[in-house]
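The values are calculated or read from the model by the stated rules, or taken from the named source; none is laboratory data. The structure displayed is predicted, hence computed values, not measured ones. Positions of Cβ are generated from backbone atoms using ideal geometry, with glycine treated the same way; all protein chains shown enter the neighbour counts.
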Amino acid sequence: MKTAIKLAATVLIGIPLIGVAQGQAKLNCTKDVKYGQEFLTKFPDAGSACQEVKVVQGEKWVRFDAQVKHNKDDHMTVDFLNKAGEHTSKPMTFVYTPDASLTLENKKVKAASAVEEGDKVMVWVPESRFGIYAQPGAAESKQFKVVSD
């Protein structure tokens with residue numbers, strides 16, 4: 001009987017917390033993110049290309065969608081897309097390691113080398129530093145390095 005009461009109390013206490021978590025305001029790509037100068041120099045259309053902002057381990061991460069223009073010999077060139085799905089600014093090329101993975105339109109791909117021209121990929125960039133990441137929350141990017149912009 002005591003176990004049932006403890007379980008019921010836990011559930012009742014948790015219900016308001018779930019509502020609070022769901023009621024948190026969404027972060028705004030232009031108002032809530034301070035893009036660094038290095039990032040804006042390489043990617044001046046960042047504000048219009050931002051798709052989503054998440055806070056992971058206390059750090060803001062910005063998601064961008066991009067369309068693959070070229071992928072060969074561990075080098076991938078992408079065009080970033082705005083929220084309307086239109087290309088923004090100039091393409092960016094990055095080199096990736098053989099174990100790099102990416103997310104294609106909500107489907108994770110184990111090898112970036114399997115990504116084909118025309119595929120749409122999701123990449124993450126932390127607010128505090130410039131780098132391309134497959135998932136938000138990484139301490140450093142061992143898989144992707146920008147080589148041209």
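Only residues that are under 25 Å from P44 (Cβ atoms), among the small types (G, A, S) and outside any loop (DSSP other than H, G, I, E, B) were counted in segment 72-121, giving 0. Taken as a whole, the structure places A84 among residues that are of a type outside the set (K, R) and surrounded by fewer than 15 Cβ atoms within 10 Å (Cβ to Cβ). Of the listed requirements (1) touching a Phe, Trp or Tyr at 6+ places or on another chain (Cβ under 6 Å); (2) of a type outside the set (A, V, I, L, M, F, W, C); (3) surrounded by 15 or more Cβ atoms within 10 Å (Cβ to Cβ); (4) in a helix (DSSP H, G or I), R63 misses just one: (4). Once segment 87-140 is narrowed to residues that are among the acidic types (D, E) and modelled with pLDDT of 90 or more, the residue that is surrounded by the most Cβ atoms within 10 Å (Cβ to Cβ) is D119. The lone criterion from (1) among the charged types (D, E, K, R); (2) at pLDDT 90 or above; (3) within 19 Å of Y133 (Cα to Cα) left unmet by E38 is number (2).
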